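Notes follow the structure.
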Amino acid sequence: MTALDSQSLPVNIATYLHNAKYEYVNDGFSPAQIYRVHTAEQVAYLKIASHTNHDSLRDEQVALHWLRGKITVPRPLAYATDDTYEYLLTTPINGIHPMDDNFSIAPEKRVSLLASIARKMHAIPHENDLPRRTHTDHLVRVKTIHADSQDDVVNKHLSIMTDLLPTLSDSTLVVTHGDFYPVNMRVHPETSAFIGVLDVGRLALADPYLDLAPLADAIGWHMDTKWLPTLFTACDSPYENDKLRFYQSYHKLMAHYTSSGKKAI
């Protein structure tokens, strides 16, 4: 569903979008269809996701409300559901992501910026009022998602997680984003100031490595793995190779599910 028929939108969504212009956004690896919506009064983002998705837009709406006043996130404007799809309309967040090619910054400052954003996320106060996710919970989730998979690469990463699970230490659970790739962050392109985070539907109390693993992956892809010690030192987190590998495999499996083939693992 990439072509958008505005006549088919639920009433409470359509009310916001009278005479709007729609631009399909193929950014990242979300299983949802995402549109940038231009009206006479505002720019907004509309997500449309099938009920068959393992990530719920209702969960994202709830997370956005929970995070308001704690960290900058898009403001939810409307949510709706029908027999086939969920719909979530939000305000935008300006800025660029920290790995953007147009964001010129020294490598050590880029890593320090990523670490500072992670520390800010993980320091959000809570009252145990978010879902709790253990190492085992994450393994169970990807096993459930890929239960019928015959893909050798998927099975390799499931095996890695299964073998590493007994070796993992328990850490204090913190507020985690759950999909903490730099593309889901926004910073000011000139001052490097942190602005906010996007796509928070997997928000939960979990091990910090759930968020540190995608940052480590991004540094490896865009920079050099020699910067990983700097990341973990700046995050005040001990380097645990088994835990890093466990959560890197988790995110590869989640990306494999969400991308529907748009990203190799």
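The values are calculated or read from the model by the stated rules, or taken from the named source; none is laboratory data. Everything numeric in this text was worked out from a predicted model, so none of it was measured. Cβ atoms come from the backbone with ideal geometry, glycine included; neighbour counts cover every protein chain shown.
When the test is whether a residue is of a type in the set (A, V, I, L, M), at pLDDT 95 or above, touching a strand residue (DSSP E or B) at 6+ places or on another chain (Cβ under 6 Å) and more than 26 Å from Glu127 (Cα to Cα), Leu88 passes it.
Taking the condition of being part of a loop (DSSP other than H, G, I, E, B) and within 15 Å of the chain's Cα centre (by Cα), how many residues in the range 31-52 meet it?
Going residue by residue through the range 31-52, those that are part of a loop (DSSP other than H, G, I, E, B) are 31-32, 39-42, 51-52.
Subsequent filtering for residues that are within 15 Å of the chain's Cα centre (by Cα) retains 31-32.
Here the count works out to 2.
Can you pull out every residue in the range 85-119 that is under 27 Å from Gln42 (Cβ atoms) and not hydrophobic (A, V, I, L, M, F, W, C)? Within the range 85-119, Tyr85, Glu86, Tyr87, Thr90, Thr91, Pro92, Asn94, Gly95, His97, Pro98, Asp100, Asn102 qualify. Put simply, of Glu127, Glu108, Glu60 the only residue that is without any contact (Cβ under 8 Å) to a residue 40 or more places away in the chain and of a type outside the set (Gly, Ala, Ser) is Glu127. Among the residues of the range 98-115, those that are part of a helix (DSSP H, G or I) and not small (Gly, Ala, Ser) comprise Pro107, Glu108, Lys109, Arg110, Val111, Leu113, Leu114. The single condition among (1) part of a strand (DSSP E or B); (2) more than 21 Å from Leu203 (Cα to Cα) that Ala14 does not meet is (1). Out of the residues in the range 238-265 meeting the condition of being modelled with pLDDT of 95 or more and among the hydroxyl-bearing types (Ser, Thr, Tyr), tell me which one is surrounded by the fewest Cβ atoms within 10 Å (Cβ to Cβ). So the residue we want is Tyr239.
Residues that are over 21 Å from Arg36 (Cα atoms) and not in a loop (DSSP other than H, G, I, E, B) within the range 66-97 comprise Trp66, Leu67, listed in sequence order. Here Thr52 clears all of (1) closer than 14 Å to His177 by Cα; (2) out of contact with any helix residue (DSSP H, G or I) (no Cβ under 8 Å at 6 or more places or on another chain); (3) not hydrophobic (A, V, I, L, M, F, W, C) except the condition numbered (1).
Matching residues to (1) aliphatic (A, V, I, L, M); (2) in contact with a Cys (Cβ under 7 Å, 6 or more places away or on another chain); (3) closer than 30 Å to Arg75 by Cβ; (4) modelled with pLDDT of 95 or more:
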site	(1), (2), (3), (4)
Asp101	no, no, yes, no
Leu130	yes, no, yes, yes
Val140	yes, no, no, yes
Gln150	no, no, no, no
Val174	yes, no, yes, yes
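Would you confirm, using the coordinates I've provided, whether Tyr79 is at pLDDT below 95 and among the hydroxyl-bearing types (Ser, Thr, Tyr)? Judged against the criteria, Tyr79 is not a match. Only one entry of Thr52, Thr2, Thr39 meets the criterion of being modelled with pLDDT under 90 and in contact with a His (Cβ under 8 Å, 6 or more places away or on another chain), and that entry is Thr39.
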